[in-house]
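Before any comments, here is the structure.
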Amino acid sequence: MSNTGQTTGATVVPLDRTASHDPNERRWKFSELLADEQMHARWEKVRKFFFLRESTYDMSNRCNIRCEGCYYFEGDKQFTRENRDPEAWRALMRAERERGITYVVLAGAEPALVPELLEVCHQEMPLGSIASNGVRHIPASVGYKIHISVWGSDETSARVRRAKRLLERQIDNYAGDERAVFVYTYTRENIAEAEAVIDRLVANDCKVTFNMFSSPVGYSGPLRHDSASLSATRCSMIELLERYPDHVLFSPYSAVAHTCAKGLHDLYRCSYPRMNPSTHIGLGRSFRQYRTDLNWDRAVACCVPDTDCPDCRHYASGSAVVTARLQRHAIDPDHFRAWLDYVDTYLAVWVMGYRKGENLQPVPVAPPGFMLSPP
Ligand code: SF4
């Protein structure tokens, strides 16, 4: 794959093309943007979900595989005792509902090891998702989205995640399961493998989205991205999106937003409490990251704790951080369409029953205020 430009169908967009807002250009009013039928329809589709208020929960401090560069096993959260009392989790979910939380992300270390707790959470809080390695099947009665982490071919997984035949086992467990989205995490080392892995997932009718390896604090190993790998990843993402538009849940703008030299915080300002001192609105007010003992600490709360913020390009972070920046994107049709595509993608990945529409902005644009330049 070439890494000298971004492919968009037959078009190759030069990397130095400027698509960010020029202050001398026309300023669009929101009502003018919504006068366009397509944008208006998509806006009405996505805004029905603005009621979602998330928090995240570590379900278990154990995992059945051990991956290099796992942020869960960085920092002190891994040493927290497990609360495995289903009634304690039920009480927590009810309390969370009371304070306005409408969506739960059940994660670290491996949630599939505590299915009885997942059941209770789902009974009390029907909207949510589970981040799993996919080795163990989660009962169908747990009606959350299930994000299955894929880090490359079976050979790579055997080396980096110390798990044999991982993709095969993941497909066996989740092919045809409408809850499942396979999340291919691009590292510096596995870009060339993406094509064959996605081919195999699509052949098994699996839905796919993309993530970026984001280094835990202090990690400088071989998975950490550099400028060449960011550029190659962007090309790979867009090529695979074009090849498999019905199976790859992604957008050209998502590819740009997650492969810039700057991380998400520098591009959009992260709104999670760990990077946001304000407690007035949004995530800064409502977000909590619970440990396995059901305690939480605002000072370290974000959806991927112990990730190195300048290197954070994580799909979970972007889902909240980019989505929250409506006003910055409602400046012209290109940026607004790109933002709508991003939100439409995020909802298709995270919400059961939500169907992704066709991307409205096929040509990549830069994050507002930036140039579309080499990562
Ligand atoms: S790791 Fe990412 S999501 Fe977490 S506080 Fe840092 S920038 Fe935000």
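Among the residues making up the stretch 300-329, a single one is away from the ligand (no atom under 16 Å from the Cβ) and open to solvent by less than 20 Å² (accessible area, probe 1.4 Å): His329.
Of everything in the stretch 278-290, what is assigned to a loop (DSSP other than H, G, I, E, B) and either touching a Pro at 6+ places or on another chain (Cβ under 9 Å) or near the ligand (Cβ under 8 Å from one of its atoms) (or both)? Give them in sequence order. Don't jump to the end; show me each part of the working.
Step one: of the stretch 278-290, the residues assigned to a loop (DSSP other than H, G, I, E, B) are 278-281, 287-288.
Residues satisfying the conditions are Thr279, Phe287, Arg288.
Of the residues Ala320, Ala299, which single one is small (Gly, Ala, Ser) and in contact with a strand residue (DSSP E or B) (Cβ under 8 Å, 6 or more places away or on another chain)? Walk me through it before giving the result.
On the way: Ala299 fails: in contact with a strand residue (DSSP E or B) (Cβ under 8 Å, 6 or more places away or on another chain).
Only one candidate qualifies: Ala320.
The residues of the stretch 230-250 that are charged (D, E, K, R) and surrounded by fewer than 23 Cβ atoms within 10 Å (Cβ to Cβ), listed by number, are Glu239, Glu242, Arg243, Asp246. When the residues of the stretch 251-276 are filtered to those that are basic (Lys, Arg) and either assigned to a helix (DSSP H, G or I) or near the ligand (Cβ under 10 Å from one of its atoms) (or both), which remaining residue is most open to solvent (accessible area, probe 1.4 Å)? Here the residue is Arg269. Cβ-Cβ contacts under 6 Å between residues 6 or more apart (or on different chains), taken from a first residue in the stretch 272-300 that is of a type in the set (Lys, Arg) to a second residue that is more than 11 Å from the ligand (Cβ to nearest atom), are listed as Arg285/Thr279; Arg288/Ser55; Arg288/Trp296; Arg291/Asp58; Arg291/Lys77; Arg291/Thr80. Residues in the stretch 336-367 that are open to solvent by less than 10 Å² (accessible area, probe 1.4 Å) and not in a helix (DSSP H, G or I): Val351, Pro364, Val365, Ala366, Pro367. Do you know which residues across the stretch 215-229 are open to solvent by 10 Å² or more (accessible area, probe 1.4 Å) and at negative phi? Matches in the stretch 215-229: Val217, Tyr219, Ser220, Gly221, Pro222, Arg224, His225, Asp226, Ser227, Ala228.
If I filter the stretch 202-215 for residues that are acidic (Asp, Glu) and either in a helix (DSSP H, G or I) or under 23 Å from Cys303 (Cα atoms) (or both), do I get at least one hit?
Taking every residue of the stretch 202-215 in turn, none turns out to be acidic (Asp, Glu) and either in a helix (DSSP H, G or I) or under 23 Å from Cys303 (Cα atoms) (or both).
Looking only at the stretch 35-83, residues that are surrounded by 15 or more Cβ atoms within 10 Å (Cβ to Cβ), acidic (Asp, Glu) and either modelled with pLDDT of 85 or more or within 17 Å of the chain's Cα centre (by Cα) (or both) come to 4 in all.
The values are calculated or read from the model by the stated rules, or taken from the named source; none is laboratory data. Since this is a predicted model, take the numbers as computed values, not measurements. When we count neighbours, we look across all protein chains shown, and the Cβ atoms used for this are built from the backbone with ideal geometry, even at glycine. For the accessible areas, the whole protein counts, side chains as well, though only heavy atoms, and no ligand, DNA or RNA atoms are used. Shrake-Rupley method; radii C 1.70, N 1.55, O 1.52, S 1.80 Å.
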